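The values are calculated or read from the model by the stated rules, or taken from the named source; none is laboratory data. Keep in mind that this is a model prediction, so the values were computed, not measured. Every residue, glycine as well, gets a Cβ built from its backbone with ideal geometry; the counts of neighbours run over all protein chains shown.
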Amino acid sequence: MNTLENFHNFLEIREEDYCIVYATGNIFPVENIISVEKKYGEVIKDFLNFDFIDKIANAINPIPAKSKYINDYIDECYQKLKNNNDEIVLIFFLEEYRCILLDIFDDPNEDIVSNVKFYLYSLIMIQENLLSFIRTGEISNGLLTMLKSITNIQVRIDFSKTTSYNFLYETRDIYSLLAIDIKMIKDKSIIIKKCANCGKYFIPSNRSDEIYCDNVFRSGKTCKQVGYEEKEKKDPFKSLYTKARKTQHARIHRNIENKPNYKEAHYIPWRTAAEKARDYYKSINDLDGFQKWIEDNKDSF
């Protein structure tokens, strides 16, 4: 069976644990995929990272000449483009793209290229409006127009748990899904930022002031690792501190049997003092002085 034959999207958003479940099986019979779970905000994040122009240019040409080949064509696009990081966006994108092509083939007066360009333009405009939203928290007129046009969201209550219940949101198009994510971002104050290294959007995992994402960038290292390494190269005081801190941290494991409280008694006090020393010697631009402090205090505290 063609993987996109009788394609229909179905999403359930479990409000209690803030994640989206993408149901597959007979709805979207892709082999070996049962569900994709994402926290609130991640659909918008993936939508912002989705390069619609690039997808069209690299995988969605040439368009078949006859409508009977559309499903196979869309399936080929999916197989070429599928990526677990943005699969939900890709699936909705390709399904709506398929519907547009079928509508065009039904009307010989319609121009395929113009309609595809208009579809891409509308998606890019939504991206720009979403960028404005995550930066300012304000809903623009363009985004408001999209939200007002949405009617394809159903809400039901799941009583499967004995101690609580969940509100389940069901939708079958990307615009409704984005609308739900917009609501959750506002309600739960979710932050989406642009990675200072790779330029992709991400949701900070720990601190709201994070500037690097956790995606693998090169040589198995994440943007966060690469970014901080680059910063250290430009800051010899930080590089010296990091090298000394790693040496001190390694002592925790070496002393775990004979000094079980080594971390609390030595490492943490040393780290606090070393941070202050780093900042002080950097303020007077004395790298040799900081190097001497590290050597003189390696066994202190």
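Does ILE284 count as modelled with pLDDT of 85 or more, of a type outside the set (Lys, Arg) and exposed (fewer than 15 other Cβ atoms within 10 Å of the Cβ)? Answer is yes for this residue. Of everything in the range 184-230, what is under 17 Å from GLY137 (Cβ atoms), modelled with pLDDT of 90 or more and not in a loop (DSSP other than H, G, I, E, B)? Give them in sequence order. Result: LYS193, LYS194, TYR201.
For the range 103-112, the count of residues that are loosely packed, with under 13 Cβ neighbours inside 10 Å, closer than 30 Å to ILE63 by Cβ and modelled with pLDDT of 80 or more is at least one. In the range 110-123, is there at least one residue being outside any helix (DSSP H, G or I) and without any contact (Cβ under 8 Å) to a residue 12 or more places away in the chain? Yes.
Would you be able to say whether some residue in the range 255-263 is assigned to a loop (DSSP other than H, G, I, E, B) and surrounded by 14 or more Cβ atoms within 10 Å (Cβ to Cβ)?
The answer is yes; a qualifying residue exists.
Among the residues making up the range 126-141, those that are within 19 Å of ASP209 (Cα to Cα) and crowded, with 17+ Cβ neighbours inside 10 Å are PHE133, ILE134.
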